[in-house]
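For reference, the structure is listed below as structure tokens.
The values are calculated or read from the model by the stated rules, or taken from the named source; none is laboratory data. If you're wondering where the values come from, they're calculated on a predicted model, not measured in any experiment. Glycine also receives a Cβ, built like all others from the backbone with ideal geometry; neighbour counts cover every protein chain displayed.
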Ligand code: ATP
Ligand code: MG
């Protein structure tokens, strides 16, 4: 029987609640005749590690992850540590160290969940946002001079390479091609940002020639936000830069009902390194330790993890269990207007997996 080696990194805040819940679902799946098993290794990196060791993860931490089949991640963020330190010290270190250049974010309205778009039928909102995850606005290049003086200045340089742009566009076209509608929207701001964004548009035209069966269009990011709200059904697969897709995917999650249900995969499409799966929400310290965290975003991330491992039947089973649970309002957590706890939702998904074994 195949055994998958999974690293779990709960990180901070509600990451410590939802990642163990995700692990429970994987264990329940393996226990109900999935035909494979898991070997978990848990890494206590994050804010607590920072307080003890002065860094978010050990310098050689990537070596411990290298041999894993996948990583299940929670969140990096701590009210007592600056956000750019927690983010760059852990999550981005892994994303960049393992060149997980494609950040994939599916969004749809799950059964039983009420989004804010009252005119929208469930099928109208079924998107995958592909976020460039290795360069662009989050390259980390820049600097600050004359701190505190009237002439103080700072830059954040956005670096876009032909290699980086082409590989993410190619990934997005391929993903669009694999979905029923075979439709891609390429999002830029090429009217105002006249160098790198114009290069995106040009490369999109070039890459599109290899995907003649994919219908595609271009949209400016500002117009895209309005289109997501007003005409959700006109979108399917969406590709955008690191910053733009970061913002658009929070909007997408909110339109689908809650930040708490949205998943992400940080993928190395070439499979040189382990890929990492995580809910899109952050550490949410306001609800930490109260059992209020919605674990559905993590469970959906677990579905993506299983798909990445090639376990499509198991992935479909977990997705069906999630949908059966969201369809029942008595199993909604507070962010969805309900009163269920993290543990109750987790137990319900696990019970459903056992029942459908
Ligand atoms: P970070 O600084 O790590 O990004 P954050 O405090 O900004 O974390 P987010 O997780 O980004 O918090 O989410 C914003 C708010 O949405 C939270 O404060 C929380 O109230 C709510 N929220 C986020 N995720 C969940 C979840 N899984 N379940 C319930 N509520 C959530
Ligand atoms: Mg946040």
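Please go through segment 207-229 and pick out each residue that is assigned to a helix (DSSP H, G or I) and either at pLDDT below 95 or in contact with a helix residue (DSSP H, G or I) (Cβ under 8 Å, 6 or more places away or on another chain) (or both).
Hits for segment 207-229 are 207, 208, 221, 224, 225, 227, 228, 229.
Quick one: which of 34, 21 is within 30 Å of residue 317 (Cα to Cα) and either modelled with pLDDT of 95 or more or touching a strand residue (DSSP E or B) at 6+ places or on another chain (Cβ under 8 Å) (or both)? Write out each step before concluding.
Values: 34 fails: either modelled with pLDDT of 95 or more or touching a strand residue (DSSP E or B) at 6+ places or on another chain (Cβ under 8 Å) (or both).
One residue alone meets the criteria, 21.
Here's a check for you: in segment 30-47, which residue that is under 22 Å from the mean Cα position of the chain (by Cα) and farther than 20 Å from residue 67 by Cβ is surrounded by the fewest Cβ atoms within 10 Å (Cβ to Cβ)?
Step by step, filter segment 30-47, then rank; the result is 47.
Please tell me if residue 257 is closer than 23 Å to residue 225 by Cα, away from ligand 2 (no atom under 13 Å from the Cβ), in a strand (DSSP E or B) and in contact (Cβ under 8 Å) with a residue 40 or more places away in the chain. Spell out the reasoning first.
Numbers: closer than 23 Å to residue 225 by Cα: yes; away from ligand 2 (no atom under 13 Å from the Cβ): yes; in a strand (DSSP E or B): no; in contact (Cβ under 8 Å) with a residue 40 or more places away in the chain: yes.
Answer is no for this residue.
Suppose the filter is surrounded by 14 or more Cβ atoms within 10 Å (Cβ to Cβ), in contact with a helix residue (DSSP H, G or I) (Cβ under 8 Å, 6 or more places away or on another chain), assigned to a helix (DSSP H, G or I) and free of Cβ contacts under 8 Å to residues at least 24 places away in the same chain; does residue 321 pass it? Let's see the steps before the verdict.
Numbers: surrounded by 14 or more Cβ atoms within 10 Å (Cβ to Cβ): yes; in contact with a helix residue (DSSP H, G or I) (Cβ under 8 Å, 6 or more places away or on another chain): yes; assigned to a helix (DSSP H, G or I): yes; free of Cβ contacts under 8 Å to residues at least 24 places away in the same chain: no.
So residue 321 does not fit the description; no.
Tell me, which residue of segment 253-269 that is over 17 Å from residue 122 (Cβ atoms) and in contact with a helix residue (DSSP H, G or I) (Cβ under 9 Å, 6 or more places away or on another chain) is farthest from ligand 1 (Cβ to nearest atom)? If you could, list the steps in order and put the result at the bottom.
First pass over segment 253-269, keeping only residues over 17 Å from residue 122 (Cβ atoms): 259-260, 263-269.
Then keep just the ones that are in contact with a helix residue (DSSP H, G or I) (Cβ under 9 Å, 6 or more places away or on another chain); that gives 259-260, 263-267, 269.
Values: 259: 4, 260: 3, 263: 11, 264: 12, 265: 17, 266: 16, 267: 21, 269: 26 Å.
The extreme case among them is 269.
Looking at segment 59-82 only, could you name the residues that are part of a strand (DSSP E or B), under 30 Å from residue 323 (Cβ atoms) and within 16 Å of ligand 2 (Cβ to nearest atom)? Talk me through it step by step, then tell me what you get.
Taking segment 59-82 first, the residues part of a strand (DSSP E or B) are 70-75, 78, 81.
Narrowing further to those that are under 30 Å from residue 323 (Cβ atoms): 70-75.
Passing the criteria: 73, 74, 75.
Quickly run through segment 265-299 and pick out the residues that are part of a helix (DSSP H, G or I) and surrounded by 22 or more Cβ atoms within 10 Å (Cβ to Cβ). Reasoning before the result, please.
At the first step, the residues of segment 265-299 found to be part of a helix (DSSP H, G or I) are 285-287, 296-299.
Result: 296, 297, 298, 299.
In the set 85, 130, which member is assigned to a strand (DSSP E or B), within 22 Å of the chain's Cα centre (by Cα) and in contact (Cβ under 8 Å) with a residue 24 or more places away in the chain?
Working: 85 fails: assigned to a strand (DSSP E or B).
So the residue among 85, 130 that is assigned to a strand (DSSP E or B), within 22 Å of the chain's Cα centre (by Cα) and in contact (Cβ under 8 Å) with a residue 24 or more places away in the chain is 130.
For residue 259, indicate whether it is under 20 Å from the mean Cα position of the chain (by Cα), within 29 Å of residue 94 (Cα to Cα) and at pLDDT below 95.
Values: under 20 Å from the mean Cα position of the chain (by Cα): yes; within 29 Å of residue 94 (Cα to Cα): yes; at pLDDT below 95: yes.
Yes.
Scan segment 115-129 and tell me whether some residue there is modelled with pLDDT of 95 or more and under 25 Å from residue 11 (Cα atoms).
Scanning segment 115-129, I find at least one residue that is modelled with pLDDT of 95 or more and under 25 Å from residue 11 (Cα atoms), so the answer is yes.
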